[in-house]
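Readers should treat all values here as calculations from the given coordinates under stated rules, not as data from a laboratory. Being a predicted model, the structure only gives us computed values, none of them experimental. All Cβ positions, glycine included, derive from the backbone under ideal geometry; neighbour counts span all protein chains shown.
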Amino acid sequence: MATFKIQRYNPEKGAKPYIKTYQVPIEPGMSVLDCLFYIKENLDASLTFRASCRMGICGSCAMYINGLPRLACETQVSSLGTETVEVKPLPNYEVIKDLVVDLTPLFHKHEKVKPWIIPLDPVELDQPTLEYYQSPPQLEDYLQFAYCLKCGICLSACPTVATDEEFLGPQALAQAFRYISDTRDNGFRERIQIVDTLHGLWRCHMAGACAEACPKGVDPALAIQLLKRRAIFGQKKVQARLLQPPVEPTPRPGIPKAPEPTLKKK
Ligand code: SF4
Ligand code: FES
């Protein structure tokens, strides 16, 4: 059995947050999220939490587990090394109910850095006729930052976010770097104006807590340092070449036909 101490809070009832204790029978392989479902289905249907994919992809089950922000579905109870599991909502966000926090500030900050490809030729974006060629090393420049789930864990770990609401935060800054370093993108000037500000890049005190907490191995602290360099020295941009889509090989007999390409050749 494990003892779950869960922070409960229902602002509609006007009560203060309090800790409620549950006993959960643990089986090998159970994650903290499995235990929360066990509690909801067997002990207390009023317990409120967010989850969707149960496989570390959607980012919705981020919560504070035994003193660290983590994904509940990726946290095995056995890996915690204790029979008491404390679960609270993510710090640095408003609590909506129990373990559900309001992630609106995360999404607003993310949106501010224009998290999409700003192409050199906008016509190619709307009606593409050619394909961008990007080499494997060019992909490596931004790939780890593209793994961001938008779970919000890095903001909850960041001491600067805790003291400055306006700070863009590690997630948005890492995404600014992700797009700036993509050779298909041409938005360096636009984005650098947004991040090279008092509540942007320069507010980061390099605690590095974001990089340690990220469940997907993204290193926002590294992205911020690289962005600072580009804000000072500018960027020598290598633009991805636009090429004709590759000629399709003739399939060997017996191989089923490939689906129709989405891009029509001229
Ligand atoms: S950088 Fe990591 S911790 Fe931050 S939102 Fe993205 S996946 Fe979550
Ligand atoms: S439920 Fe999707 S990341 Fe945990």
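Remarks
- According to the Kirkwood relation over distinct C-alpha pairs, the hydrodynamic radius of the range 2-101 is 13.5 Å.
- In percent, rounded to a whole number, the relative contact order of the range 2-101 is 33, using alpha-carbon pairs under 8 Å and six or more apart.
- Measuring between their Cα centroids, the range 35-77 and the range 81-142 lie 21 Å from each other.
- Take the Cα of Arg229, step 7 Å toward its Cβ, do the same at Lys114, and the gap between the two points is 2.3 nm.
- On the beta carbon distance between Glu140 and Thr104, with R0 = 35 Å, the FRET formula returns roughly 0.60.
- Using a cut-off of 20 Å between Cα atoms, the listed pairs Lys112/Lys150; Lys114/Lys216; Lys112/Lys237; Lys216/Lys237 include Lys114/Lys216; Lys112/Lys237; Lys216/Lys237 as exceeding that distance.
- Residues whose amide H lies under 5 Å from that of Ile118, counting only those 5 or more places away or on a different chain, are Asn186, Gly187; hydrogens are built 1.01 Å from N in the peptide plane.
- Taking every C-alpha pair closer than 8 Å and separated by at least 6 residues, the mean separation divided by the residue count of the range 104-242 gives a relative contact order of 33 percent.
- Helices in the chain, meaning DSSP H runs of at least 4 residues, each add -39500 (n - 2.57). Divided by all residues, the mean residue ellipticity at 222 nm is -8000 deg cm²/dmol.
- Given R0 = 35 Å, the distance between the Cβ atoms of Ala15 and Gln76 translates into a calculated FRET efficiency of 0.60.
- Each of Glu190 and Met55 was given a label point 7 Å from its Cα along the Cα-to-Cβ line. The distance between the two points is 3.4 nm.
- Net length gained if the chain between Met206 and Leu68 were fully extended (0.36 nm per residue, minus Cα distance): 47.8 nm
- Distance (nanometres) between label positions extended 7 Å along Cα→Cβ at Glu166 and Leu43: 4.4 nm
- Summarising the strand pairing of the chain, around 85 percent of its internal DSSP beta bridges are antiparallel.
- Using C-alpha pairs below 8 Å separated by at least 6 residues, the relative contact order for the chain is 17 percent.
- Sequence ranges 53-61, 29-37, ranked by mean other-Cβ count within 10 angstrom, highest first: 29-37, 53-61
- Multiplying the residue separation of Leu243 and Ala258 by 0.36 nm and subtracting their alpha-carbon distance yields 3.3 nm.
- Relative to the longest principal axis of the Cα atoms of the chain, the long axis of helix 169-180 makes an angle of roughly 20 degrees.
- Sorting 2-13, 84-95, 63-74 by their mean Cβ neighbour count within 10 Å, with the most densely packed peptide first, gives 63-74, 84-95, 2-13.
- q = 0.13 Å⁻¹, the range 66-188: log10 I(q)/I(0) [Debye, one scatterer per Cα]: -0.68
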